[in-house]
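Notes follow the structure.
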Amino acid sequence: MKRNIQLILLVLITWLLQTIFGAFVPNSYVTPNMLLILSCSMGFLLGTRTGMWTGFLAGIFYDLMFGNIFGLTALVFMYAGVLNGKLYRLFFEDDIRVPVLSAGLFDFIYNIVLFISEYIPDHSVRFGQCLKTIILPDVFATILAAIPLYLIYRWLSRRMLADQLEEEQSPWLR
Amino acid sequence: MNDKKDPRHKKNRFTLAVLTVVCAAMILLGLSEAFPIRAVRNVAGTILSPLQTGISRAGRWIDSQQTDARTAEELSAENDALKKKVSYLEEQNTLLSENSNELDQLRSLYQLDKDYSDYDKVAADVISKDPSRWYDVFTINKGTNAGIETGMNVITDGGLVGLVTETGSTWAKVRSIIDDESRVSASVLDESGNCIISGDLSLISEGKLRLSQLNADVNVSAGDRIVTSSISDRYLPGILIGYVDSIEEDTNNLTKNGYIIPAVNFEQITDVFVILTKKETGDTSGTNATPETAAQDGETVTGTSTGDTGTASDTTTENGTDNAADPGTDNNATDTENTGTGNNTNAAPDNSTGTQNGTDTGNGAAEG
């Protein structure tokens, strides 16, 4: 429960960061998907269960504030957190390439899901055009933003773990 | 380690499955509108919108600090130039007020409706924008407490911005016309051609709009102004949308299509006005947010009822009655409806099915 409260706080802080970014950067620049970076990073740093809850909470929050289909973002972010959690065992958390690239990959997947949700009602939407103007800039911006954000989350996660047991038991951690 | 792992493993797998089902249920319920998601979003938005407002104000304050850092000399020179401009403008203003009086007289002569600049408006600031580029939806800092309802038109000084799609007590969401789901029934100014202006995903980044369903007989060229049509059942008439960028004939040789450059710069919207008058249709329902947005499908072909298709009942009323001629609530008596609405749009006689026959006499002559 305490962990969930910490996660909610993290989601709020990330959302604040996203809003600040949106307010200070001109509209024509694309904004990175910071809540997705959060979900992936938490999964990678703290295991599958934390990733799952972070993804779910971040996704619900995203759906509350923005978005069209309620619950879709929660689903995608949750699985992003879980799948990143599986990576937890495979890589050192110091290896920054993995979470950054996986954030980019899951952002791409999320955009594809959104494209499908746009395509189903209206078949005239062209994939090539969307890819060039919407999806790829978004993925690129997310990858760029993931670098500093991951470092911040890593520092935070170390503080969160400071009062926990040191031995790791399973990838499904705390 | 394995025996310690198994029960937790199972428990977490179970939680994942439960949460997946919860998400899927929310998606389905949200799509079928059985669940009052709007209520939940209202609460969340109301709690968090002050934060968003604060941040956007801070951003703008910093911006203004930078622009204010100029020397006293520059300011004094600017002051002089502005004074000259003011006296010039005062002259122009006097001339224009005379014209405006004459215009009012002519208007009442032809019993036309008021200009949209006379409608009640409330100013609002943009406090946040949907971060993904799939949608062009932004949030403003006024809501139902200020009298804003879904379906109200949103404009800036330049022209039409969009439509209110969701409201909370202290905030509202506006879908701009360049969003993929937007469809506006429009007319070419000075001509008798109705068309559809729609947003398009592939054009969002270029900031252009698509024009379609324009009758091939209509003479249109680049630079022509496009305004909201009086037969739209969602938008008040006569609001400037943009300028024609390019036009070409369809393969069927019956209609034309093209691109529009919107009059509003959507990349830099900070302040908007919400017109508090709604375009009344046969079935007035102030809260049909999601049905309206969900059913913003393509228009029907010219010749029959054009105009934004709201719910199914909206289109049928347009066919049968002078629905397009329903002005907002604070406009004149019902007699004016039959003799034409909209100041500078011709309710396309070539486009109606004859239900708007009453408009011909009034509008034909008034069209400038």
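The values are calculated or read from the model by the stated rules, or taken from the named source; none is laboratory data. These numbers were taken from a predicted model, which means no experiment stands behind them. All Cβ positions, glycine included, derive from the backbone under ideal geometry; neighbour counts span all protein chains shown.
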Requested in this report: Look through region A:35-70, keep the residues that are in contact with an Asp or Glu (Cβ under 6 Å, 6 or more places away or on another chain) and assigned to a helix (DSSP H, G or I), and return whichever of them is nearest to the other protein chains (Cβ to nearest Cβ).
Outcome: A:LEU36
Query - Residue check, A:THR14 more than 10 Å from every other protein chain (Cβ to nearest Cβ) and over 30 Å from B:PRO7 (Cβ atoms) - result: yes
Query raised in the report: Of the residues A:VAL100, A:VAL82, which single one is modelled with pLDDT of 85 or more and either facing chain B (nearest Cβ under 8 Å) or closer than 26 Å to B:PHE266 by Cα (or both)?
Result: A:VAL82
Query raised in the report: Cβ-Cβ below 7 Å, separation at least six or inter-chain, first residue in region A:21-39 and within 19 Å of A:ALA146 (Cβ to Cβ), second modelled with pLDDT of 75 or more and of a type in the set (Asp, Glu): which pairs?
Result: A:VAL30/A:ASP138; A:ASN33/A:ASP107; A:ASN33/A:ASP138; A:LEU36/A:ASP107
Requested in this report: Return yes or no: is A:ILE135 farther than 17 Å from B:LEU201 by Cα, of a type in the set (A, V, I, L, M) and more than 8 Å from chain B (Cβ to nearest Cβ)?
Outcome: no
Query raised in the report: Could you count how many residues in region A:17-41 are aliphatic (A, V, I, L, M) and at pLDDT 90 or above?
Result: 5
Query raised in the report: Taking B:ASP157, is it farther than 26 Å from A:HIS123 by Cα, outside any strand (DSSP E or B) and not hydroxyl-bearing (Ser, Thr, Tyr)?
Result: yes
Report summary line: Selection from region B:191-223 of residues among the aliphatic types (A, V, I, L, M) and in a strand (DSSP E or B) yields B:ILE196, B:ILE197, B:LEU209, B:LEU211, B:LEU214
Report summary line: When every residue in region A:85-97 that is away from every other protein chain (no Cβ under 11 Å) and in contact (Cβ under 8 Å) with a residue 12 or more places away in the chain is compared, the one surrounded by the most Cβ atoms within 10 Å (Cβ to Cβ) is A:TYR88
Requested in this report: Have a look at A:PHE66, A:PHE77 and point out the one that is within 23 Å of B:ALA25 (Cβ to Cβ), among the aromatic types (Phe, Trp, Tyr) and at pLDDT below 90.
Outcome: A:PHE66
Report summary line: Out of (1) modelled with pLDDT under 75; (2) in a helix (DSSP H, G or I), the one B:ARG70 does not meet is (2)
Report task. Could you please find all residues in region A:114-129 being surrounded by 14 or more Cβ atoms within 10 Å (Cβ to Cβ) and either away from chain B (no Cβ under 14 Å) or β-branched (Val, Ile, Thr) (or both)? Result -> A:VAL125
Requested in this report: Considering only region B:36-46, state which residues are more than 10 Å from chain A (Cβ to nearest Cβ) and of a type in the set (Val, Ile, Thr).
Outcome: B:THR46
Query raised in the report: Restricting attention to region B:174-198, and to residues there that are over 12 Å from the mean Cα position of the chain (by Cα) and charged (D, E, K, R), which single residue is modelled with the highest pLDDT?
Result: B:ASP180
Query raised in the report: Does at least one position in region A:147-156 carry a residue that is without any contact (Cβ under 8 Å) to a residue 24 or more places away in the chain and farther than 22 Å from A:LEU7 by Cα?
Result: no
Requested in this report: Select from region B:130-154 the residues that are of a type in the set (Ser, Thr, Tyr) and in a loop (DSSP other than H, G, I, E, B) and write down the one among them that is farthest from the other protein chains (Cβ to nearest Cβ).
Outcome: B:THR150
Query raised in the report: Going by the conditions given, is A:THR73 of a type in the set (S, T, N, Q), part of a helix (DSSP H, G or I) and within 15 Å of the chain's Cα centre (by Cα)?
Result: yes
Report summary line: Output for Cβ contacts, cut-off 7 Å, separation at least six or different chains, first residue under 13 Å from B:ARG234 (Cβ atoms) in region B:271-286, second at pLDDT 70 or above and among the aliphatic types (A, V, I, L, M), reads B:ILE275/B:MET152; B:ILE275/B:ILE155; B:ILE275/B:LEU236; B:THR277/B:LEU236; B:LYS278/B:MET152; B:LYS279/B:LEU236
